[in-house]
Amino acid sequence: MKRSNHDRLGRLIGVNNRLVIAGFNAAELIAIAGQSPCYIYDKAALTERVETLRKQLPEAIKLHYAIKANPMPALVQHMAGLVDGLDVASHGELKVALASSIKASDISFAGPAKQVGELTAAVVSGVVINVESALELARLVDIAQQTGRRPQVALRVNPDFELKSAGMKMGGGAKPFGIDVEQLEAMLSDWPIELEFRGFHIFCGSQNLKPEALIEAHDNTFELAARLAAFSPCAPTHINIGGGFGIPYFPGEQALDIAPVMDNLRRLLANLPSSLQGCEFIMELGRYLVGEAGVYLCTVTDIKVSRGQSFAMTDGGLHHHLSNSGNFGQVIRKNYPVVATNCLESDQLEAVEVVGPLCTPLDIVGAKVMLPQLNVGDTIAVLQSGAYGATASPQRFLGHPEVEELLI
Ligand SMILES: *Cc1c(COP(=O)(O)O)cnc(C)c1O
């Protein structure tokens, strides 16, 4: 029986049983990138993902890219040509977004513990600030007085509901993110005249593969936005409904079926309360837009057997790809899809422990992965690696070379 360990390959296109991206095989991609290990991001796959989503997304909903999923400047610039806006979560990301073709009023800045310096940069550049605390609001009033600028402000809401089945919950209950719904009425009824009120940001969680959970969260989000609009100092001009769309990583996971989610959004938009009519709605997505368009490539440097278990050692590992190692929010470690780039499918597979060069048992590229016989010099690819890769990893740990990134 022909077996493969990549039945859920998403976008991988094999040619003659080899990994090929943008017409190049792994050795050619490494040559262009300049080294192994490297991340390869596929421009055509990024474009296709956004275009496919746009065909289904109601026209009234603007699409933003949350750049912390992958802030590589060239990739952000490519995405800027495809989406309506960018969401940033730090001063560094703000600068990357401002360098793109997206205008400042379509950039929003969320995140806890914003420093006065980054708030000032946001006010002066004219981006929308999603405020996460009462003190942050007060700081913006000071900055308005000092700079003579009018801050564009939305309130990030910590809702009184959760996004069920989310990989990471970021709303509901006691959270460092956003302002509790219960505290908003007082804040809105005493709105400082120095600040321009734009609306609300309601982001509940990340990496969700269940349409029914997203539908429930959207129902709750629209209902909450209508409740809050009633207290607002003026009609909200925009409501950011968050994102949270997931991608399949692990055996048994199915790609998210967005059709019912989009049908429900269409229904919600057709039944808007008058307080929300004329409002711009924004969906912000990170991982869903970029995660499937990237692979991580590394090279086998040694092979050995220890007490009956085969090991393949590689030049790449958790210092470049922490989330693949299972140490970035996973409770039980599972393998990302891992393939040998020159032999995607084979009827002779064996279980091999693929590990990186770090002196820690946490440095796992793939645990007991079914792969064809490997040799030193073979290239391994970790798929589904376009999001939360290079910049979500401890690259200085152990002092190995940093990873290269190539958008092609
Ligand atoms: C991280 C984050 C996102 C992106 O989440 P994904 O799961 O990558 O889509 C969107 N919005 C905010 C506020 C975030 O903090």
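When Val365, Val339, Val331 are screened for being assigned by TED's automatic domain parsing to the domain that holds Ala26, closer than 21 Å to Phe24 by Cα and more than 16 Å from the ligand (Cβ to nearest atom), only Val339 passes.
Taking helices (runs of 4 or more DSSP H) that fall entirely within the stretch 18-84, which contain at least 2 residues that are outside the structural domain of Ser323 (by TED's automatic domain parsing) and of a type in the set (A, V, I, L, M, F, W, C)?
In the stretch 18-84, 43-56, 73-80 are the helices (runs of 4 or more DSSP H) which contain 2 or more residues that are outside the structural domain of Ser323 (by TED's automatic domain parsing) and of a type in the set (A, V, I, L, M, F, W, C).
Looking at Ile303, Ile239, Ile202, just one residue is within 16 Å of the ligand (Cβ to nearest atom) and over 18 Å from the mean Cα position of the chain (by Cα), and that residue is Ile239. Taking the stretch 107-131 as the range and being touching a helix residue (DSSP H, G or I) at 6+ places or on another chain (Cβ under 9 Å), not in a loop (DSSP other than H, G, I, E, B) and not small (Gly, Ala, Ser) as the test, the residues that pass are Ile107, Phe109, Val116, Glu118, Leu119, Thr120, Val123, Val124, Val128, Ile129, Val131.
For Ala138, the requirement of being over 27 Å from the mean Cα position of the chain (by Cα) and within 26 Å of Ala229 (Cα to Cα) is met.
Among residues of the stretch 161-186 being more than 16 Å from the ligand (Cβ to nearest atom), open to solvent by 80 Å² or more (accessible area, probe 1.4 Å) and in contact (Cβ under 8 Å) with a residue 24 or more places away in the chain, the one that is nearest to Glu253 (Cα to Cα) is Gln183.
The rows are residues; the columns are (1) under 30 Å from Thr237 (Cα atoms); (2) in a strand (DSSP E or B).
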position: Glu284; (1), (2): yes, yes
position: Val300; (1), (2): no, yes
position: Phe311; (1), (2): no, yes
position: Phe328; (1), (2): no, no
position: Lys334; (1), (2): no, no
position: Ala351; (1), (2): no, yes
position: Val354; (1), (2): no, yes
position: Met370; (1), (2): no, yes
position: Val376; (1), (2): no, no
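In the stretch 85-96, how many are outside any loop (DSSP other than H, G, I, E, B) and touching an Asp or Glu at 6+ places or on another chain (Cβ under 8 Å)? Give the steps one after another, and end with the answer.
Applying the first criterion (outside any loop (DSSP other than H, G, I, E, B)) to the stretch 85-96 yields 85-88, 91-96.
From the residues that got through so far, the ones that are touching an Asp or Glu at 6+ places or on another chain (Cβ under 8 Å) too are 85-87, 91, 94.
Qualifying residue count, the stretch 85-96: 5.
The values are calculated or read from the model by the stated rules, or taken from the named source; none is laboratory data. All of these numbers come straight from a predicted model, not from anything done at the bench. Glycine also receives a Cβ, built like all others from the backbone with ideal geometry; neighbour counts cover every protein chain displayed. Note: areas computed on protein heavy atoms with side chains; ligands, DNA, RNA excluded. Shrake-Rupley method; radii C 1.70, N 1.55, O 1.52, S 1.80 Å.
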